[in-house]
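A.B. asks: Provided herewith is a single structure, encoded as structure tokens, for subsequent inquiry.
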Amino acid sequence: MLYKFRYGWFFILLLVLWSCKLDSKKESAEMIYEVAVLRGPSAIAFAQWMEKEPVLKGKKMQVKVLDSPEQMQALLVKGEADIAVLPMISAANLYNKGIRYPLLGCPIWGTLYLVGRDHIVPPVYLFGAGTTPDILARYYLEQKGSYTYDYSFATAREVLLSLQTDKVQTAVLSEPFLSMALEQDSTLQILADLNRPDSLSYGFPQTAVVCRESLLALKDSIQTLLDQSCRFAQEKPEEAIRILENRRVFGNRMLSPSTIERCRIRYIPATDCREEVGHFLKLMNHYEPRSTGGRLPDSTFIP
């Protein structure tokens, strides 16, 4: 009888401890804002937040680096991110599908370049058919002449490796793969900047920062923190690189100050670049309607 009594109390104690552990985890989760960022130029703009998590209304803003757009989409569909950084067309597409993460602003204004040796030699090798790199490359080249395109390679990394062979002479690359290509082969050069609609423009708003609708009440405070993070990457590129390498977001020597400069990191609130966002999404929708979900998002996309 005594054995059963002790066993019963032991079982109750286990339940209490387990309950406390679950409560602790829940409390811990409630004390952070989760910021989802894709590995790539977007992550560069958030190096400062990775080093020292900013605090918003008593909660830390914790950066989580994802490896693919598919992971990002799954996270947003489940509503598991408070703030997310992703391609502008993906943000518009999800919003059109009812995933209500409105646009806060744009931190990245261009990472795409045409690379080759002396001049453009067709076919031009592209990656990501129907995505931003493909559309901006075709938009630029169609204004210069008639070119043929090759989609043999699915990623920028594959394009980078192909440029080391003689069969590929001209290709589109994004940072940081462009910097790696220029470093590895001194015969390669930038043939064209694909990021600017005209000589007076700073660039295309290719990347979006979106947030939960419930966070719009804190929009001004978030905008200030976003601006500080982007300025850090611009003004202290060596420190940003150190942080990103230490946290293994990028491999050693994948980045350089020139890489960061060519990413055009500059935070602009959506309300200040509404016209640029509209023009960019119209361009994307014209070339590939599926990229934006078949239409432009309504006015609530930019609150």
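The values are calculated or read from the model by the stated rules, or taken from the named source; none is laboratory data. Not measured: the values here are computed from a predicted model. So basically every Cβ, Gly included, is an ideal-geometry build from the backbone, and we count neighbours across all protein chains shown. Quick note on the areas: whole protein, heavy atoms, side chains included, nothing else; ligands and nucleic acids left out. Shrake-Rupley method; radii C 1.70, N 1.55, O 1.52, S 1.80 Å.
A.B. asks: Report, ordered by the first and then the second residue, all pairs with beta carbons closer than 7 Å, sequence separation of six or more or different chains, a first member in segment 185-203 that is of a type in the set (Gly, Ala, Ser), and a second member that is open to solvent by less than 70 Å² (accessible area, probe 1.4 Å).
C.D. replies: Partner pairs satisfying both residue conditions: ALA192/TYR113; ALA192/LEU114; ALA192/TYR140; GLY203/TRP109; GLY203/GLY110; GLY203/ASN195; GLY203/ARG264.
A.B. asks: Related question: With the structure loaded, tell me whether ALA74 is surrounded by fewer than 23 Cβ atoms within 10 Å (Cβ to Cβ), at pLDDT 95 or above and assigned to a loop (DSSP other than H, G, I, E, B) or whether it fails that test.
C.D. replies: Working: surrounded by fewer than 23 Cβ atoms within 10 Å (Cβ to Cβ): yes; at pLDDT 95 or above: yes; assigned to a loop (DSSP other than H, G, I, E, B): no.
Spelling it out, it is not the case that ALA74 is surrounded by fewer than 23 Cβ atoms within 10 Å (Cβ to Cβ), at pLDDT 95 or above and assigned to a loop (DSSP other than H, G, I, E, B).
A.B. asks: May I ask you to list the residues in segment 111-120 that are open to solvent by 50 Å² or more (accessible area, probe 1.4 Å) and not charged (D, E, K, R)?
C.D. replies: Within segment 111-120, just HIS119 meets the criteria.
Let's see how each residue does on (1) on the phi > 0 side of the Ramachandran plot; (2) part of a helix (DSSP H, G or I); (3) touching a Pro at 6+ places or on another chain (Cβ under 9 Å):
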site	(1), (2), (3)
GLU239	no, yes, no
ARG253	yes, no, no
TYR267	no, no, yes
PHE280	no, yes, yes
ASN285	no, yes, no
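A.B. asks: Does THR207 satisfy the criteria of being out of contact with any Gly (no Cβ under 7 Å at 6 or more places or on another chain), on the phi < 0 side of the Ramachandran plot and surrounded by fewer than 19 Cβ atoms within 10 Å (Cβ to Cβ)?
C.D. replies: Values: out of contact with any Gly (no Cβ under 7 Å at 6 or more places or on another chain): yes; on the phi < 0 side of the Ramachandran plot: yes; surrounded by fewer than 19 Cβ atoms within 10 Å (Cβ to Cβ): no.
It is false that THR207 is out of contact with any Gly (no Cβ under 7 Å at 6 or more places or on another chain), on the phi < 0 side of the Ramachandran plot and surrounded by fewer than 19 Cβ atoms within 10 Å (Cβ to Cβ).
A.B. asks: Consider THR170 against the criteria (1) polar (S, T, N, Q); (2) open to solvent by less than 20 Å² (accessible area, probe 1.4 Å); (3) out of contact with any strand residue (DSSP E or B) (no Cβ under 7 Å at 6 or more places or on another chain): it satisfies all of them except one. Which criterion is unmet?
C.D. replies: The one condition THR170 does not meet is (3).
A.B. asks: Could you please let me know if ALA240 is open to solvent by less than 30 Å² (accessible area, probe 1.4 Å), under 15 Å from GLY40 (Cα atoms) and of a type outside the set (Val, Ile, Thr)?
C.D. replies: Working: open to solvent by less than 30 Å² (accessible area, probe 1.4 Å): yes; under 15 Å from GLY40 (Cα atoms): yes; of a type outside the set (Val, Ile, Thr): yes.
Yes, satisfied.
A.B. asks: In addition: Are any of the residues in segment 124-132 part of a loop (DSSP other than H, G, I, E, B), touching a strand residue (DSSP E or B) at 6+ places or on another chain (Cβ under 8 Å) and surrounded by fewer than 20 Cβ atoms within 10 Å (Cβ to Cβ)? Even if it seems obvious, please write down each step before you answer.
C.D. replies: The first filter runs over segment 124-132 and keeps only residues part of a loop (DSSP other than H, G, I, E, B), leaving 126-131.
With the extra rule that they be touching a strand residue (DSSP E or B) at 6+ places or on another chain (Cβ under 8 Å), the set shrinks to 126-127, 131.
Of the ones still in play, those that are also surrounded by fewer than 20 Cβ atoms within 10 Å (Cβ to Cβ) are 131.
Yes, there is a match, as at least one residue in segment 124-132 is part of a loop (DSSP other than H, G, I, E, B), touching a strand residue (DSSP E or B) at 6+ places or on another chain (Cβ under 8 Å) and surrounded by fewer than 20 Cβ atoms within 10 Å (Cβ to Cβ).
A.B. asks: Can you confirm whether segment 180-200 contains a residue that is modelled with pLDDT of 95 or more, open to solvent by 30 Å² or more (accessible area, probe 1.4 Å) and either among the aromatic types (Phe, Trp, Tyr) or closer than 17 Å to PRO102 by Cβ (or both)?
C.D. replies: No.
A.B. asks: I would also like to ask the following. Counting only residues that are closer than 25 Å to PRO69 by Cα, give me the strands (runs of 3 or more DSSP E) lying completely in segment 154-221 with at least 2 of them.
C.D. replies: Details: elements: 170-174, 189-193, 207-211.
Of the strands (runs of 3 or more DSSP E) lying wholly inside segment 154-221, those with at least 2 residues that are closer than 25 Å to PRO69 by Cα span 170-174, 207-211.
A.B. asks: So, one more: Looking at this structure, is SER90 polar (S, T, N, Q) and either buried (at least 22 other Cβ atoms within 10 Å of the Cβ) or part of a helix (DSSP H, G or I) (or both)? Explain how you work it out, then say what you get.
C.D. replies: Details: polar (S, T, N, Q): yes; either buried (at least 22 other Cβ atoms within 10 Å of the Cβ) or part of a helix (DSSP H, G or I) (or both): yes.
The answer is yes for SER90.
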